[in-house]
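The values are calculated or read from the model by the stated rules, or taken from the named source; none is laboratory data. Just so it is clear, the model here is predicted, and its values are computed rather than measured. Here the Cβ positions follow ideal geometry from the backbone for every residue, glycine too, while neighbour counts run over all protein chains shown. These accessible areas exclude ligands, DNA and RNA; they are computed on the full protein's heavy atoms, side chains included. Shrake-Rupley method; radii C 1.70, N 1.55, O 1.52, S 1.80 Å.
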Amino acid sequence: MQNSISSLTAITSCRHLNMNLYSTLTITLLKTAILVPAAVSPFSPKYLPTRGKLMNYAGIATKLFDSPSGSDTTMPTIEQLSSDPFMKQLGHATEVVSLLRSICEGGDEAASATEKGVADEELLIDLLKAQLSHSDGIRGFFVSYLTGDGVTPADADEVPPPLLSAMNSVETEKLISLACMNVIMPTAMVTMHEDPELANNSLKTSKRGIKVLKGILDKPGAKEQCEAIRNVAIGNIELKDGSTKYWIEFFE
């Protein structure tokens, strides 16, 4: 199944990319044990993310990296996390990710939050489950979680237990497809940024996204989605099932 994840990074050698740069990116990922040798063989993808989609992603990610850390806003409610639109979910995610970080680090901030009744791990899981219950919440949460500046819980060897528990408790299809996109899009952006710092930020985001995807590979449909992406990337689309059609539309 490692090959399935590897294919997600391979397909992002977009039409604007020369093969030398693609090879450099692949080698870099190999050195960090993200890819396996089977994924090194380059190919020319038939379906690729449009430049517009990639630049839209870059705009959101850049805003997150440039945003000052910390916030004076209060923790969102379960109802807000379950129903608010995407732009509000971005703000909610900042608070939820900050709480997740506090609990993972176990510092004074976590103790203070516990007094307010919000840092208990079970409550954090409930907050995460609420936000990850719909696509706007999933997108908002992972924009914040995957693009956080500095060393964050997303850089740990494994997905933090509260987040892993929440991901394994929510509806599968939307989470899996967005987790796949969170590998594809930043990896592609590495190849499009001319600014080394922005390219490095995208590379960091893609590495974090791969960890998330690995954490949910045992969920129903995850491996099938990865295989569908691989098939679309190499033009093997004779069997146009639902997953294949979805990813053809995505790359077009």
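Mind listing whichever residues of the range 77-95 are touching a Ser or Thr at 6+ places or on another chain (Cβ under 8 Å), of a type in the set (S, T, N, Q) and either farther than 11 Å from SER133 by Cα or not in a helix (DSSP H, G or I) (or both)? THR94 - this is the single residue of the range 77-95 that is touching a Ser or Thr at 6+ places or on another chain (Cβ under 8 Å), of a type in the set (S, T, N, Q) and either farther than 11 Å from SER133 by Cα or not in a helix (DSSP H, G or I) (or both). Residues in the range 143-159: is at least one out of contact with any Ser or Thr (no Cβ under 8 Å at 6 or more places or on another chain), surrounded by 16 or more Cβ atoms within 10 Å (Cβ to Cβ) and among the aromatic types (Phe, Trp, Tyr)? Scanning the range 143-159 turns up no residue that is out of contact with any Ser or Thr (no Cβ under 8 Å at 6 or more places or on another chain), surrounded by 16 or more Cβ atoms within 10 Å (Cβ to Cβ) and among the aromatic types (Phe, Trp, Tyr).
Between ILE138, ILE184, ILE229, ILE234, the distinction of being open to solvent by 70 Å² or more (accessible area, probe 1.4 Å) and not small (Gly, Ala, Ser) belongs to ILE234 only. The lone criterion from (1) assigned to a loop (DSSP other than H, G, I, E, B); (2) open to solvent by less than 20 Å² (accessible area, probe 1.4 Å) left unmet by LEU127 is number (1). Here are the criteria: (1) open to solvent by less than 80 Å² (accessible area, probe 1.4 Å); (2) at pLDDT below 85; (3) not in a helix (DSSP H, G or I). Tell me which single one LYS240 does not satisfy. Condition (1) is where LYS240 drops out.
If you take the residues in the range 105-159 that are β-branched (Val, Ile, Thr) and more than 22 Å from the chain's Cα centre (by Cα), which one is modelled with the highest pLDDT? Can you show your working first?
So in the range 105-159, the residues β-branched (Val, Ile, Thr) come out as 114, 118, 125, 138, 143, 147, 151-152, 159.
After this cut, where a residue has to be more than 22 Å from the chain's Cα centre (by Cα) as well, the list is 114, 118.
Details: THR114: 48, VAL118: 43.
The selected residue is THR114.
In the range 200-224, the residue that is nearest to PRO153 (Cα to Cα) out of those that are of a type outside the set (Ser, Thr, Tyr), open to solvent by less than 20 Å² (accessible area, probe 1.4 Å) and not in a loop (DSSP other than H, G, I, E, B) is ARG208.
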